[in-house]
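These notes concern the structure reproduced below.
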Amino acid sequence: MKRYFLLLTFALLIQMLAKSKPANQQVRAYKTDETINLDGVLNEPVYKNIPVKDFTQKIPDEGKPATEDSEVWITYDNENLYFSANFFDSKPETIDQNLMRRDNIISSDWLWIYMDPYNDDRTGYFFAVNAGGSIADGTLYNDGWMDDSWDGIWESKTKINDDGWSVEIKIPFSQLRFKEEDNMVWGINLNRDIKRRNENSFLVMIPSTESGFVSRFADLVGLDGIQPKQRFEVLPYFVQKAQYLVHDSGDPFYSGNQYKTTLGADFKIGLGSSFNIAATVNPDFGQVEVDPAVVNLSAFETFYDEKRPFFIEGQHLFNFGQGGANNNWGFNFGSPQLFYSRRVGRSPSGDIPDNNYANYPQETRILGAAKLTGKVDETWSIGGLSAFTERTYATLSNNNIKTDHEIEPFSHYGILRTQKEFNDSRQSLGIIFTSANRDLRTDDLSNNLAKNAYTFGVDGWSFLDTSRTYVLTGYLAGSHINGSKDALVNIQEKPYRYFQRPDATYITLDSNRTTLGGFYTRLALNKQKGNFYLNAAIGAVSPGFENSDLGYQWMADKINAHTVLGYRWFQPDSTFRQKFLYFAHFEDYDFEGNNLNNGIWMRGLLQFLNYYSIGMIASYNFEEYTKSLTRGGPLSKNPSEYFVEIEMESDNRKDITFGIETGYQNNAMHENSFSFETYIEWKPSSQISLSVGPEYNIDKGKRQWVNNFSDPYATNTFKNRYVFGDIDYKTISANIRLNWIMTPKMSLQLYLQPLMSVGTYTNFKELAQPSTMNFNEYDNVGSVSYNPEDDEYIIDPDGNGPAEIFSFSNPDFNYKSIRGTLVYRWEVLPGSIFYLVWSHDRANYDHPGEFKFGRDFNDLLGAETNNIFLAKFSYWLDL
């Protein structure tokens, strides 16, 4: 590990030659008192002002002038900012007018507007309109990263002309956050895309060998005397749902849950022009698109993306440990996700006693939530969120007697985040605090949940040279939880911790513990620009760190380090448009000093002149220890292994595009896996697109965990038998999307995900010795028999020996499902949207361990179905 410390120490001594920052280009916005008719026809007197004309290519011929002329005007009145443009085209018949749903960005003829209203050189907004009138928008952060989760309320209109196309855009000042001043200066950049040439030209073009984006913007001047009105937006909504679900005919709860009506409202209140308060009453956190079907054979929780609008908007403000650098490499160690918003309103966690029927809610209702986001000035951002969830009960029916059983306590979740930048954003310091507090009134919940959970973190960055080529980033987070002894035992036994390991030496399970704490830290160096690339990091997370009450956690007890070296060729040659190649070495240790990961990695990409590309990833891991294989048992070993993946993509401008990805993995124990996935997208017209993405995976393992069994005669493995089996595991799935975009504001979208996943277990065995890869196969040292009546395996682990016979259920599985949604969306007025949704799913589990595609597909088609129909209307009021 010393070499990583030496590398980071050496980085602190790097001093590059100073480069003075050139004076920013200036773009003028013109004040108008006349009405601009938003029709795409540029015939108002304001267009006699001098437009912005000079655009420079970044792709395909970096540094050369744009091949077609452009004219852009920026004007404003007391309430709105206007962008208008004429885009001349020598081949107007080739202008792409593809329609797409908002933020579903594909290759087209676009105008992109990038603004930095705070002029902080780090954050901002982007707005985009294509020639067909489709739009996209979002926020900018970390000097160029983009987040399209924000949806502003703004309008645009395009028109195709004989000599090109034109556009007019109106953005209310109330939608933007900025610091009010008499003579404001904002950052501005413009980008025109021409699809047929795959040309991207910019007002301010940043060379590929350079870094930064927002910090390079031109100055937008002339915005004088703006006094936007006080912002107060209300978004009331109405939802009517009808559910037709698989159920028992005698279920007394079914009819009462079949038809539901929900009313509520979201609020946005502006505090000046810099801050925004978002609040919600009886929020609708329903998801329009279903989560993907997943078969999880690991001990770790599946991560799902957030899809609820209240949490999505501005979520990057709560990111921790990711700012400053334009690349953050993980290699089995990522920044801690201290805020995982799907914890708020999650599925209840309490168990229920035996019953005839149960009405068990699938989510916890959020009583109310509020969020504050904004900036004190161009260097200081603040974000906060507070949410209360109700005490949740399951209703049980036993012999027609109904009782309530608490399954989730009344809870509060809070987060506070602030970040301050210094010295022209060369340094930054941020702080974050999160809390989860529960009112635990039952033994069942007290024995399973922490009563209070807190995290606190500090993060930041510092550029090491005046040219901002090298940046050092880092963070330190701490956690503290408290609860009952039983709850702390459960937390100590989580799969990323396993304090119960019988061979543990650093920290062991303490059944009297009522608190737990730990830390999570990392220091990283990144080279921001240039052909040659360097990234290195060292980090550690202590065994007691715990943030899963409001965050998402998948590791603890780890010391990690890596070094990445690479070279990027950005300029085209006679064959390739661009190339890059990276090499890396990484290592992991736990706090006992066990080597948990030690490998080398390589990735390369070649993009041809015709915009097709081919890439490869390859890695080799040396023999290493593993703590997770025995699920709380002793250490064992992973054999050395290699992995190769090849991917290819076509030119995404074509009407038919495709991509292919295939991978192969093998190790010294001859466990192997193969994966193949592809996608094909067809755009038969400007309004319709169809994409199909099938996937096929085969895994052949020899160490798939089955269960752990106590046995006093298993003296070699701490009086427990850790049972495994060979597994033959096949998965076939597909993601299918059909989009019909009738107008930029009206669409019909179909999403389907069929899945078949079959696993067959054979050759049962047990770990022979801790810290090894040695196993005792029961067919050789004892006996294995199958009882078809009870569908279980009976194991004699030592033949004529004294050990007792034990059994376990047949672990074979055959899971088949289809999930999908059909969504009609109509933006009736700006910000006011009407939805009609049909959600469908079905599943079948017949013939475990046997894979026959035709039979399994017929079983799935014959399975009982769940159908949910939903109508929703939300109306935006700007008060």
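Some observations on this one:
- Filter pass, residue 636 being open to solvent by less than 30 Å² (accessible area, probe 1.4 Å), touching a residue at least 40 places away in the same chain (Cβ under 8 Å), over 27 Å from residue 818 (Cα atoms) and among the hydroxyl-bearing types (Ser, Thr, Tyr): yes
- Extreme residue, farthest from the chain's Cα centre (by Cα), among residues of the stretch 346-404 that are open to solvent by 60 Å² or more (accessible area, probe 1.4 Å) and within 21 Å of residue 548 (Cβ to Cβ): 351
- Test set (1) under 16 Å from residue 244 (Cβ atoms); (2) surrounded by 14 or more Cβ atoms within 10 Å (Cβ to Cβ) - residue 864 fails condition number: (2)
- Qualifying residue in the stretch 49-68 (condition: modelled with pLDDT of 95 or more, within 25 Å of residue 170 (Cα to Cα) and acidic (Asp, Glu)): yes
- When the stretch 477-503 is filtered for residues that are within 27 Å of the chain's Cα centre (by Cα), of a type in the set (A, V, I, L, M, F, W, C) and closer than 13 Å to residue 548 by Cβ, the ones remaining, listed by number, are 481, 491.
- Any hit, the stretch 594-613, residues being out of contact with any helix residue (DSSP H, G or I) (no Cβ under 7 Å at 6 or more places or on another chain), small (Gly, Ala, Ser) and not in a strand (DSSP E or B): no
- Of residues in the stretch 447-470 being touching a strand residue (DSSP E or B) at 6+ places or on another chain (Cβ under 8 Å) and hydroxyl-bearing (Ser, Thr, Tyr), the one surrounded by the most Cβ atoms within 10 Å (Cβ to Cβ): 455
Yes/no matrix, rows are residues, columns are (1) within 30 Å of residue 769 (Cα to Cα); (2) in contact with a Phe, Trp or Tyr (Cβ under 6 Å, 6 or more places away or on another chain); (3) open to solvent by 40 Å² or more (accessible area, probe 1.4 Å):
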site: 578; (1), (2), (3): no, yes, yes
site: 586; (1), (2), (3): yes, yes, no
site: 612; (1), (2), (3): no, no, yes
site: 624; (1), (2), (3): yes, no, no
site: 650; (1), (2), (3): no, yes, no
site: 673; (1), (2), (3): yes, no, no
site: 676; (1), (2), (3): no, yes, yes
site: 679; (1), (2), (3): no, no, yes
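- Qualifying residue in the stretch 792-810 (condition: within 29 Å of residue 734 (Cα to Cα) and part of a loop (DSSP other than H, G, I, E, B)): yes
- Of the residues making up the stretch 236-272, those that are hydrophobic (A, V, I, L, M, F, W, C), assigned to a strand (DSSP E or B) and open to solvent by less than 50 Å² (accessible area, probe 1.4 Å) are 239, 242, 265.
- Test: residue in the stretch 774-781 that is hydroxyl-bearing (Ser, Thr, Tyr) and open to solvent by 30 Å² or more (accessible area, probe 1.4 Å): no
- From 473, 514, residue being farther than 30 Å from residue 767 by Cα, among the polar types (S, T, N, Q) and open to solvent by 20 Å² or more (accessible area, probe 1.4 Å): 514
- Residue in the stretch 639-652 that is closer than 21 Å to residue 588 by Cα and part of a loop (DSSP other than H, G, I, E, B) present: yes
- All positions within the stretch 213-224 that are touching a residue at least 60 places away in the same chain (Cβ under 8 Å) and either closer than 23 Å to residue 529 by Cα or open to solvent by 40 Å² or more (accessible area, probe 1.4 Å) (or both): 213, 214, 215, 217, 218, 224
- Count - residues of the stretch 499-509 that are open to solvent by 60 Å² or more (accessible area, probe 1.4 Å) and either within 23 Å of residue 711 (Cα to Cα) or β-branched (Val, Ile, Thr) (or both): 3
- Residues (in contact with a Ser or Thr (Cβ under 9 Å, 6 or more places away or on another chain), among the hydrophobic types (A, V, I, L, M, F, W, C) and within 27 Å of residue 520 (Cα to Cα)) located in the stretch 305-357: 311, 312, 317, 318, 320, 325, 338, 339, 344
- Taking every residue in the stretch 468-494 that is assigned to a helix (DSSP H, G or I) and pairing it with any residue that is acidic (Asp, Glu) and open to solvent by less than 20 Å² (accessible area, probe 1.4 Å), at least 6 positions away or on another chain, the pairs with Cβ-Cβ distances below 8 Å are 491/546.
- Checklist (1) part of a helix (DSSP H, G or I); (2) open to solvent by less than 30 Å² (accessible area, probe 1.4 Å) applied to residue 196, failing item: (2)
- Residue 577 fulfils the conditions (1) within 27 Å of residue 621 (Cα to Cα); (2) assigned to a strand (DSSP E or B) except for a single criterion, (1).
- Sole exception among (1) more than 30 Å from residue 507 (Cβ to Cβ); (2) at pLDDT 95 or above; (3) open to solvent by 60 Å² or more (accessible area, probe 1.4 Å) for residue 607, by number: (3)
The values are calculated or read from the model by the stated rules, or taken from the named source; none is laboratory data. Since we're looking at a predicted model, the values are computed, not measured. With ideal geometry, Cβ positions are generated from the backbone for all residues, glycine too; neighbour counts draw on all protein chains shown. Accessible surface areas use protein heavy atoms only, side chains included; no ligands, DNA or RNA. Shrake-Rupley method; radii C 1.70, N 1.55, O 1.52, S 1.80 Å.
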